[in-house]
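Engineer: Handing you this structure, nothing more for now.
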Amino acid sequence: MKKLLLVLGCALSIATQAQDLMLYGISPSYSQAGKFTKKLGYNINASSVMNAFSQTVDGKRFPSGHTHLVLHGLATYQLSKPLTIAAGYAFGRHNIFGLRENEHRLIAQATYQHKLGNFIITHRGRYEWRQPTNLQTRITSQASIGRYQVWATLPLYDPKKEKQGFFLSASNEAFLYFKGATNGPVSSRNGSLVSENWMHLGGGYNFGLTRAELGYCFQALVRNKAQDYRLFNLLQLNIYHTINWNDIQYWWYL
């Protein structure tokens, strides 16, 4: 009985020492897509995250400021109307409360889109090979990550009759950490296969070739071996722009 009480006491002690980190910030992003041919195209994206408030948790200082910048470019190929595959490269610069890293990523992904009633549903499966380098220690390691996102968009207009109007959107993305990096939390598995999850709710306006969206994103990340979480509440401003490459070529040769 005494041994059981001792085990329960240790478990409660560990639970009370758990220090989840709750953050609030802003995340703007810009995404551009276009086609070179009927099937071959591209997608480029730039996204940033800024922590809005400073705080101290468990004796550690978490200052406000810029934490993430990720730039990526993908070549896309449309296998069929609903199915597209893509591959490319991304560069990340991270400054996570004193841990400064540069990160290279190789990306392979597939997206599948279909309708469910009035909703447009997009499934995206992505594999990322990441190579973060700690800028203080110059230590480089590798990580392998799988990501699955399901995205639902509800046009508040009739797309068959109109090309512009308001829309609502919601998504969830789960991260599967097959192999975690050893030099920081950016790609660290931290003892859990599903170490990260992002949920998104938003709405905006479709101008035709450009969509502007304002939304809320909740990011949960296992940040250490004790299974403490970093919880990021983000106000997002997303701009999506589509370019008709044939029109651009027409002006070039005019």
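The values are calculated or read from the model by the stated rules, or taken from the named source; none is laboratory data. All of these numbers come straight from a predicted model, not from anything done at the bench. Don't worry about glycine lacking a Cβ; one is built from the backbone with ideal geometry, like all the others, and counts go over all protein chains shown. Note: areas computed on protein heavy atoms with side chains; ligands, DNA, RNA excluded. Shrake-Rupley method; radii C 1.70, N 1.55, O 1.52, S 1.80 Å.
Engineer: Filter segment 191-243 down to residues that are modelled with pLDDT under 95 and among the small types (Gly, Ala, Ser) and give me whichever is surrounded by the fewest Cβ atoms within 10 Å (Cβ to Cβ).
Structural biologist: Ranking the qualifying residues of segment 191-243, first place goes to GLY208.
Residue by residue, here is whether (1) more than 30 Å from GLY88 (Cβ to Cβ); (2) at pLDDT below 85; (3) of a type outside the set (Asp, Glu); (4) loosely packed, with under 15 Cβ neighbours inside 10 Å holds:
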{"residue": "MET1", "(1), (2), (3), (4)": "yes, yes, yes, yes"}
{"residue": "LEU4", "(1), (2), (3), (4)": "yes, yes, yes, yes"}
{"residue": "ALA11", "(1), (2), (3), (4)": "yes, yes, yes, yes"}
{"residue": "ASP20", "(1), (2), (3), (4)": "yes, yes, no, yes"}
{"residue": "TYR30", "(1), (2), (3), (4)": "no, no, yes, yes"}
{"residue": "ALA33", "(1), (2), (3), (4)": "no, no, yes, no"}
{"residue": "ASN43", "(1), (2), (3), (4)": "no, no, yes, no"}
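Engineer: Name the residue that is farthest from THR210 (Cα to Cα), counting only residues in segment 139-170 that are of a type in the set (S, T, N, Q) and surrounded by fewer than 16 Cβ atoms within 10 Å (Cβ to Cβ).
Structural biologist: Here the answer is GLN142.
Engineer: Of the numbered conditions (1) more than 22 Å from TRP129 (Cβ to Cβ); (2) open to solvent by 50 Å² or more (accessible area, probe 1.4 Å); (3) in a strand (DSSP E or B), GLY25 satisfies every one except a single condition; which is it?
Structural biologist: The failed condition is (2).
Engineer: For segment 30-64, which residues satisfy the criterion of being over 26 Å from ALA212 (Cβ atoms) and in a strand (DSSP E or B)?
Structural biologist: Selection gives LEU40, GLN55, THR56, VAL57, LYS60, ARG61, PHE62.
Engineer: Hey, among the residues in segment 120-138 that are among the polar types (S, T, N, Q) and closer than 22 Å to ALA86 by Cα, which one's most open to solvent (accessible area, probe 1.4 Å)?
Structural biologist: Result: GLN131.
Engineer: Kindly list, by first and then second residue, each pair from a residue in segment 69-81 that is in contact (Cβ under 8 Å) with a residue 40 or more places away in the chain and assigned to a strand (DSSP E or B) to a residue that is open to solvent by 30 Å² or more (accessible area, probe 1.4 Å) and among the basic types (Lys, Arg), limited to pairs with Cβ atoms under 7 Å and residues at least 6 apart or on different chains.
Structural biologist: GLN78/LYS39
Engineer: So SER48 clears everything in (1) open to solvent by 30 Å² or more (accessible area, probe 1.4 Å); (2) touching a Leu at 6+ places or on another chain (Cβ under 6 Å) except one condition, right? Which one?
Structural biologist: With (1) open to solvent by 30 Å² or more (accessible area, probe 1.4 Å); (2) touching a Leu at 6+ places or on another chain (Cβ under 6 Å) applied to SER48, the lone miss is (1).
Engineer: Which residues, taken from segment 167-190, are at pLDDT 70 or above and not small (Gly, Ala, Ser)?
Structural biologist: Matches in segment 167-190: PHE167, LEU168, ASN172, GLU173, PHE175, LEU176, TYR177, PHE178, LYS179, THR182.
Engineer: What are the residues in segment 103-113 that are open to solvent by 60 Å² or more (accessible area, probe 1.4 Å) and either part of a loop (DSSP other than H, G, I, E, B) or not hydroxyl-bearing (Ser, Thr, Tyr) (or both), if any?
Structural biologist: HIS104, LEU106, GLN113
Residue-wise test of (1) at positive phi; (2) within 17 Å of the chain's Cα centre (by Cα); (3) not hydrophobic (A, V, I, L, M, F, W, C).
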{"residue": "SER31", "(1), (2), (3)": "no, yes, yes"}
{"residue": "GLY59", "(1), (2), (3)": "yes, no, yes"}
{"residue": "LEU69", "(1), (2), (3)": "no, yes, no"}
{"residue": "ALA87", "(1), (2), (3)": "no, yes, no"}
{"residue": "LEU99", "(1), (2), (3)": "no, no, no"}
